[in-house]
Amino acid sequence: MAELWNVLVVEDSPEDYEMVVRTLRRAGCLGESQRVESMEQLAESIGTTSWDVVLCDFNIPGMDFEASISLLKKNVPAVPVIVVSGGIDAG
């Protein structure tokens with residue numbers, strides 16, 4: 001059995017979030033997941049679960065990317081952050 005990952009997704013598109021969740025579930029490696037789309041939600045979510053990885057959209061309207069990365073680095077420095085940009089057509 002594959003290791004299950006708790007994945008925090010910083011993403012403004014519910015559709016892109018669902019695509020990530022579907023893909024990780026199919027691979028059998030998704031534990032918990034949560035989508036956040038604001039600094040407030042991000043700050044709140046950091047303490048709710050022991051995240052294994054953060055997938056962070058580079059361009060979310062109204063959200064400062066550099067501030068997001070700083071918040072993550074300060075509060076969960078051991079958690080890898082993968083930066084993504086743009087959508088992917090899952091076909």
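A few points about this structure:
- Around the Cα centre of the chain, unit charges on the Cβ atoms of Lys, Arg, Asp and Glu (plus for the first two, minus for the last two) sum to a dipole of about 340 debye.
- Rounded to the nearest 500, the 222 nm mean residue ellipticity of the chain from helices alone is -10500 deg cm²/dmol, with -39,500 (n - 2.57) taken per DSSP H run of at least 4 residues.
- Neighbour cut-off at most 15 other Cβ (10 Å), DSSP loop, GluC sites (Glu not before Pro), the chain: Glu3
- Remark on Glu32: its backbone amide H falls under 5 Å from those of Asn6, Val7, a criterion applied only to residues 5 or more positions apart or on other chains, H modelled at 1.01 Å from N.
- Accessible area per residue for region 14-91, computed on protein heavy atoms with a 1.4 Å probe, is 64 Å².
- For the set Val83, Val54, Val20, the ranking by accessible area, highest first and with no ligand, DNA or RNA atoms included, is Val83, Val20, Val54 under a 1.4 Å probe.
- Choice from Ser33, Ser70, Ser45 with maximal GNM fluctuation in the chain (Cα, 10 Å cutoff): Ser70
- Loop-located chymotrypsin sites (Phe, Trp or Tyr not before Pro) in region 35-65 (DSSP state not H, G, I, E or B) with no more than 14 neighbouring Cβ atoms inside 10 Å: Phe58.
- Accessible-area composition of the chain, carbon plus sulfur, in percent [1.4 Å probe]: 52 percent
- Ranking Arg26, Arg35 by solvent-accessible area of protein heavy atoms (1.4 Å probe, all protein chains present), from largest to smallest, gives Arg26, Arg35.
The values are calculated or read from the model by the stated rules, or taken from the named source; none is laboratory data. If you're wondering where the values come from, they're calculated on a predicted model, not measured in any experiment. All Cβ positions, even for glycine, are placed from backbone atoms using ideal geometry, and neighbour counts span all protein chains on display. Only protein heavy atoms, including side chains, enter the accessible area calculation; ligands, DNA and RNA are left aside. Shrake-Rupley method; radii C 1.70, N 1.55, O 1.52, S 1.80 Å.
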